[in-house]
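For reference, the structure is listed below as structure tokens.
The values are calculated or read from the model by the stated rules, or taken from the named source; none is laboratory data. Here the structure is a predicted model, which is why all the values come from computation and not from measurement. Glycine gets a Cβ as well: all are built from the backbone with ideal geometry, and neighbour counts include every protein chain shown.
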């Protein structure tokens, strides 16, 4: 048997501090008896893609999934990520080979097609977008829910939150790890599985909303305590991999400001609409002006998070998600829009409205190079209130990412100055004026770092394999496949263990 346990999206510096203080005894004990590896991760450009790479075992260019709401060029609209075809997750590779899986709360993972065993999502916590409720077999979570009760709802609503709401979240995040461990221990004692994949997602979701709050340390300690329970329930011959494929630190994202920054740059003038500040040098708008793709952020700024949460809660989950997808890029005039800001909450994403690729594309191949140069130069002109450049780089995706699904990815990734953006209210460009934040933006206090992915390998029946290169996230999937005697064909990783 092999077990993968995610201490999900943990802060590297918080782990180090708590571990040094003796406050994470089970993780530190596992580290001492195992081998710690740093993992290469796509998080510098595509944080959310780390999960798809982890579960599917292929690189981002081959799965093309990088955000819960993604652009579909053939439909000229945003669609939910599960609607796109992608290589199967590891449990769907194990199922046809007769291997059984116990999986609890795979983050941002879509409903499996061929998995065997018991899989539960939306168990420790209910989060409509990233921990959608499903189970294998279908309906298999009904009896456990009758025994253990319903999971706490921690669905994220972008925007400011009251102290009362944050206190309620703290209580729910603290309760979630024990729910995960209770079910894991129960099922591990009931039967044997070939793979156990257990995800403690509380550090991830709490890190976004409670960063800088002492409650986050309590949540890490609670995860460590429940990690110990799961480790004790595993068979003596079980190989264990503990990991985190994303890091967490203060929120540096200015992605909510990007749509109007881009609109200003494409207009080639100082902004003249919405939240833009105008001065005497502003030119008249040109005909066929590019649409501003930031309508959803203005809506979030205009309506309280509590009101939006109530409206969403009155709908079935799938309906609420579909509505969100339709509101993204609402009002964009595709007949004149050359480029638009793709939905994002960390790095900024920009896609060109390319002819021959998008259904209503208008940008030809000859115009694309000049347009990219214009966008890059313009965005690099924006400054934080202290005068520092808000954008450190605008990277072309096509120069780095390739594969069968690479055309789903945005054309440009905007990387921000690595300083806190939590209290930021505006960015200023000497050439394009001032762009102001609507409300509190995402309201997140924490967000993902460019690196800090790691794994601890603690084998019992296997042994470490000498790697041919630095370890990657996809190597975990390859290790599970090899331990389960499943062919590695189609996987991008290399096994980290051998028998």
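Can you tell which of 24, 14, 37 is touching a helix residue (DSSP H, G or I) at 6+ places or on another chain (Cβ under 8 Å) and either over 21 Å from residue 232 (Cα atoms) or surrounded by fewer than 22 Cβ atoms within 10 Å (Cβ to Cβ) (or both)?
None of the others qualify; the one that does is 14.
Collect the residues in the range 130-172 that are within 28 Å of residue 92 (Cα to Cα), touching a helix residue (DSSP H, G or I) at 6+ places or on another chain (Cβ under 7 Å) and not in a loop (DSSP other than H, G, I, E, B), keeping them in residue-number order.
Hits for the range 130-172 are 144, 148.
Scan the range 76-105 for residues that are assigned to a loop (DSSP other than H, G, I, E, B) and closer than 17 Å to residue 341 by Cα and report the count.
Number of matching residues: 1.
Could you pull out the residue among 98, 212 that is under 24 Å from the mean Cα position of the chain (by Cα), surrounded by fewer than 15 Cβ atoms within 10 Å (Cβ to Cβ), assigned by TED's automatic domain parsing to the domain that holds residue 246 and more than 29 Å from residue 323 (Cα to Cα)? Explain how you work it out, then say what you get.
Details: 98 fails: under 24 Å from the mean Cα position of the chain (by Cα).
Testing whether each residue is under 24 Å from the mean Cα position of the chain (by Cα), surrounded by fewer than 15 Cβ atoms within 10 Å (Cβ to Cβ), assigned by TED's automatic domain parsing to the domain that holds residue 246 and more than 29 Å from residue 323 (Cα to Cα) leaves just 212.
Restricting to the range 213-251, name every residue that is touching a strand residue (DSSP E or B) at 6+ places or on another chain (Cβ under 7 Å) and assigned to a loop (DSSP other than H, G, I, E, B).
234, 238, 248, 251 - these are the residues of the range 213-251 that are touching a strand residue (DSSP E or B) at 6+ places or on another chain (Cβ under 7 Å) and assigned to a loop (DSSP other than H, G, I, E, B).
Just one of 175, 202, 196, 206 is more than 21 Å from residue 250 (Cα to Cα), touching a residue at least 12 places away in the same chain (Cβ under 8 Å) and either surrounded by fewer than 19 Cβ atoms within 10 Å (Cβ to Cβ) or touching a helix residue (DSSP H, G or I) at 6+ places or on another chain (Cβ under 6 Å) (or both); which is it?
Going through 175, 202, 196, 206 in turn, the sole match is 175.
Can you name every one of the strands (runs of 3 or more DSSP E) wholly within the range 1-75 that holds 2 or more residues which are closer than 17 Å to residue 472 by Cα and in contact (Cβ under 8 Å) with a residue 40 or more places away in the chain?
Filter on the range 1-75 gives 2-7, 35-38.
Can you pull out the residues in the range 358-392 that are outside any helix (DSSP H, G or I) and either surrounded by fewer than 16 Cβ atoms within 10 Å (Cβ to Cβ) or without any contact (Cβ under 8 Å) to a residue 12 or more places away in the chain (or both)?
Within the range 358-392, 359, 360, 364, 385, 386, 387, 388, 389, 392 qualify.
Looking at (1) modelled with pLDDT of 95 or more; (2) surrounded by fewer than 20 Cβ atoms within 10 Å (Cβ to Cβ); (3) within 24 Å of residue 7 (Cβ to Cβ), can you tell me which one residue 448 breaks?
(2)
Do any strands (runs of 3 or more DSSP E) lying entirely in the range 424-499 carry at least 3 residues that are under 26 Å from residue 231 (Cα atoms), and which ones are they?
454-458
Identify the single condition in (1) within 29 Å of residue 128 (Cα to Cα); (2) modelled with pLDDT under 95 that residue 405 does not satisfy, given that it satisfies every other one.
(2)
What's the number of the only condition in (1) farther than 29 Å from residue 74 by Cα; (2) in contact with a strand residue (DSSP E or B) (Cβ under 9 Å, 6 or more places away or on another chain); (3) in a loop (DSSP other than H, G, I, E, B) that residue 410 fails to meet?
Tallying (1) farther than 29 Å from residue 74 by Cα; (2) in contact with a strand residue (DSSP E or B) (Cβ under 9 Å, 6 or more places away or on another chain); (3) in a loop (DSSP other than H, G, I, E, B), residue 410 fails exactly one: (1).
Based on this model, can you work out whether residue 80 counts as assigned by TED's automatic domain parsing to the domain that holds residue 156 and either more than 24 Å from residue 124 (Cα to Cα) or under 20 Å from the mean Cα position of the chain (by Cα) (or both)?
yes
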